[in-house]
Amino acid sequence: MEQSIPVSSPVIVQPPRAGAGFALRAGGQIIDLIVHNGISLVAGFTMGILIVIYAVATGTSPQSLTARLQTPTLSGYILPLIGYVFYHAICEGMHGATLGKLICRVHVLKEDGDPAAFGPAFVRSLAFYIDSLVFGVVAAASMRSSELQQRLGDRWGKTVVVERSRFNQYPWPSGWKFVIAFLLAIIVDGFIIALSLLLKLL
């Protein structure tokens, strides 16, 4: 007698009906800023070690090279901002959450409920610098006028940030996927920051 093999029914993904609030998302953003600043410190420390090695090898004064690193430049301001965009875009595009969002238990999805892709994640991450104007007043105003609490970046990228506790049946990506996305994100962020420091020496 043949036995039937039970087939598990696929999970039907429903479009989000509510977005995460401003406080949760701001908390995640603060954590991510701490991560980004930590990456900047590591990149600066590494560059300092390389400067000492270069100075010893060539007989150059390390003080003059260090002074050039401390000189404000346009690329020195812009490239770290771009690095922060890529940190968010990679984490959210590959996994749906940065470290800050993971700790605050919020997740980025498309408006139809599908996982976020790199393109929409990049758009919403780039728009963060508009949303964050006046200490986040622009984002807060946009979220108040949106049923899904979407800031401008979410509207342009067609994404929604949701609380994971409200999506218990959603097939969340694995922890290993986050580890891979996070490592790639901090490597890219660190490389861009290091590039901004290197350009000061050229």
(message) If Thr159 satisfies all but one of (1) crowded, with 16+ Cβ neighbours inside 10 Å; (2) over 19 Å from the mean Cα position of the chain (by Cα), what's the number of the condition it fails?
(response) (2)
(request) Determine the pairs where a residue that is farther than 19 Å from Glu147 by Cβ, located within region 160-176, has a partner that is assigned to a loop (DSSP other than H, G, I, E, B) and among the polar types (S, T, N, Q) with Cβ atoms under 9 Å apart, the partner being 6 or more residues away or on another chain. (result) Gln169/Gln14; Tyr170/Gln14
(message) Quick check on Arg151: is it within 17 Å of the chain's Cα centre (by Cα), farther than 17 Å from Gly100 by Cα, surrounded by 15 or more Cβ atoms within 10 Å (Cβ to Cβ) and basic (Lys, Arg)?
(response) yes
(message) Given the options Ser174, Ser142, Ser146, Ser165, name the one that is surrounded by fewer than 16 Cβ atoms within 10 Å (Cβ to Cβ), among the small types (Gly, Ala, Ser), touching a helix residue (DSSP H, G or I) at 6+ places or on another chain (Cβ under 8 Å) and over 30 Å from Phe45 (Cβ atoms).
(response) Ser146
(request) Output the residues belonging to region 41-94 that are modelled with pLDDT of 90 or more and at positive phi. (result) none
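Residues checked against (1) of a type in the set (Phe, Trp, Tyr); (2) out of contact with any strand residue (DSSP E or B) (no Cβ under 8 Å at 6 or more places or on another chain); (3) touching a residue at least 60 places away in the same chain (Cβ under 8 Å):
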residue	(1), (2), (3)
Ala57	no, yes, no
Gln63	no, yes, no
Leu74	no, yes, no
Met94	no, yes, yes
Val106	no, no, yes
Lys110	no, no, no
Ala117	no, no, no
(message) Condition check: in contact with an Asp or Glu (Cβ under 7 Å, 6 or more places away or on another chain) and outside any loop (DSSP other than H, G, I, E, B). Does Ala181 satisfy that?
(response) no
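Here's the yes/no breakdown for (1) part of a helix (DSSP H, G or I); (2) more than 19 Å from Val161 (Cα to Cα); (3) among the charged types (D, E, K, R):
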position: Gly28; (1), (2), (3): yes, no, no
position: Gly48; (1), (2), (3): yes, yes, no
position: Ala67; (1), (2), (3): yes, yes, no
position: Gly76; (1), (2), (3): yes, yes, no
position: Phe86; (1), (2), (3): yes, no, no
position: Gly96; (1), (2), (3): no, no, no
(message) Could you check region 60-117 and list, in sequence order, the residues that are charged (D, E, K, R) and touching a Ser or Thr at 6+ places or on another chain (Cβ under 9 Å)?
(response) Glu92, Arg105, Lys110, Glu111
(message) For Ala18, only one of the following conditions fails: (1) under 30 Å from Arg155 (Cβ atoms); (2) at pLDDT 90 or above; (3) surrounded by fewer than 16 Cβ atoms within 10 Å (Cβ to Cβ); (4) among the small types (Gly, Ala, Ser). What is its number?
(response) (2)
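The values are calculated or read from the model by the stated rules, or taken from the named source; none is laboratory data. Model, not experiment: these values are computed from the prediction. Using ideal geometry, Cβ is built from the backbone for each residue, glycine included, and neighbour counts are taken over all protein chains shown.
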